[in-house]
1. Rounded, prolate or oblate: which one fits segment 51-146, using the alpha carbon gyration tensor with axes a ≥ b ≥ c (rounded when a/c is under 1.5, else prolate when a/b beats b/c, else oblate)?
2. Compute the projected area of the convex hull of the Cα atoms of the chain, averaged over all viewing directions, and report it in nm² to one decimal place.
3. Ratio of segment 124-215's C-alpha Rg to 2.2 N^0.38 Å, to two decimals?
4. Starting from the exponent 0.38 and prefactor 2.2 Å, build the expected Rg for segment 72-120 from its residue count and divide its actual Cα Rg by it.
5. Give me, ordered by chain and number, the residues 5 or more places off ASP111 or on other chains with an amide H under 5 Å from its own placed amide H.
6. Could you tell me what fraction of 2.2 N^0.38 Å the Cα radius of gyration of segment 1-103 comes to, as a two-decimal ratio?
7. Based solely on its DSSP helices, what 222 nm [θ] is calculated for the chain when runs of n ≥ 4 H residues each add -39,500 (n - 2.57) and the sum is averaged over all residues, nearest 500 deg cm²/dmol?
8. Arranged by the count of other C-beta atoms within 10 angstrom, fewest first, what order do VAL205, VAL161, VAL95, VAL145 take?
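Just so it is clear, none of the values below were taken in a lab; they were calculated from the coordinates. In this text, all values refer to a predicted model and were calculated from it rather than measured experimentally. Neighbour counts run over all protein chains shown; Cβ positions are idealised from the backbone, glycine included.
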Amino acid sequence: MTARDPVADLRRIAFLLERTLESSYRIKAFRTAAAALAQLPPDDVALLASTGGLRGIKGIGERTAAVVEQSVGGEVPGYLADLEAQAGQPLATGVDHLRAALRGDLHTHSDWSDGGSPIDEMAATAAGLGHEYTALTDHSPRLTVANGLTADRLRRQLAVVAGVNDQGVNEQLGPFRLLTGIEVDILSDGGLDQTPELLGQLDVVVASVHSELRMPADAMTRRMLAAIENPHTDVLGHCTGRYVINRNFDNDKLSGRTRSGKARPESQFDAERVFAACAERGVAVEINSRPERLDPPIRLIELAVSAGCLFSLDTDAHAPGQLDWQPLGCARALRGGVDPASIVNTWPLADLLAWTADHSHRPGSRFWTS
Ligand SMILES: [Zn+2]
Ligand SMILES: [Zn+2]
């Protein structure tokens, strides 16, 4: 029997758990074990597995040691086989053509804010899913509960992203490019929670409302319009702020953070005016694939289509396995009648970056609204 790669098996388990919104505590054991073993020469791992010595390594527990022993012995670990059967199924059907058209993801988080994994792990997973590019969009300073990045930390992150890309050219990331970005809070007056100088340097700016979600419709509309009119805004993130509990997902499996959110109603705003402004300014309306958000609702996707909006079909992933959620957003885009050519992350990288730099750049003249 040929030995399998135990590090790859541990990572695959973590990926599948993340994909089902499993609690981060359980996932962490597998990611920690994978990171610990990745430091060791494979021959040492094999020797430790055959002598029962794995349990002496910091970061390896009983369950993870059992996975590694089976993997080194050439069998598919039982835990992994069970998970593949339960959690490895397609998330949506009839969406393969649209999913295949997506070249990237414009909304993702790392452990620099409230994500669960380091930047390079997110990038490697995105590249492994076939993406040509993915934007790292960690939270902004005022979202302290999510450890939002100050201007200084964001500047440091830009250097880290540059390093990941430099490495990628030589190593396994290949042609993949990690884009710089932010999910910037839309403050209650419509201002954006980061310096214009920094926002201007980033490849992708997703602007989202995370506070005072229940302000009166008039005020919320003015707030969103101000953010859309800000020339730095590229994508309007999860516009209604709602939380649904999707019946495809077991509520008990929601992570602590999302479980405490429970269902949450949509924010009230004048969607016709907001989408008209997005269409006029060339700001993309996000179709957020998170199973507990599924934002915007279908009737608003249809309204945005009729307003002539661009879209960005994103995962809002806070862990590597969540990068695989795009089929959920694809199903909703198709139901809402979205033309794939109007989804900015179906565009080649050069077109995407030309658009984020200047929203009048829209490949396919049908998306001109003037
Ligand atoms: Zn977050
Ligand atoms: Zn958000």
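1. Taking the square roots of the gyration eigenvalues as a ≥ b ≥ c, segment 51-146 is oblate.
2. Its Cα hull, projected and averaged over all orientations, spans 18.2 nm².
3. Normalised Cα radius of gyration, segment 124-215: 1.20.
4. With N residues counted in segment 72-120, Rg over 2.2 N^0.38 Å equals 1.67.
5. HN-HN under 5 Å from ASP111: SER117, ILE119.
6. Dividing the Cα radius of gyration by 2.2 N^0.38 Å gives 1.20.
7. The helix-only estimate for the chain comes to -13000 deg cm²/dmol at 222 nm.
8. Going from least to most buried by this count: VAL145, VAL95, VAL161, VAL205.
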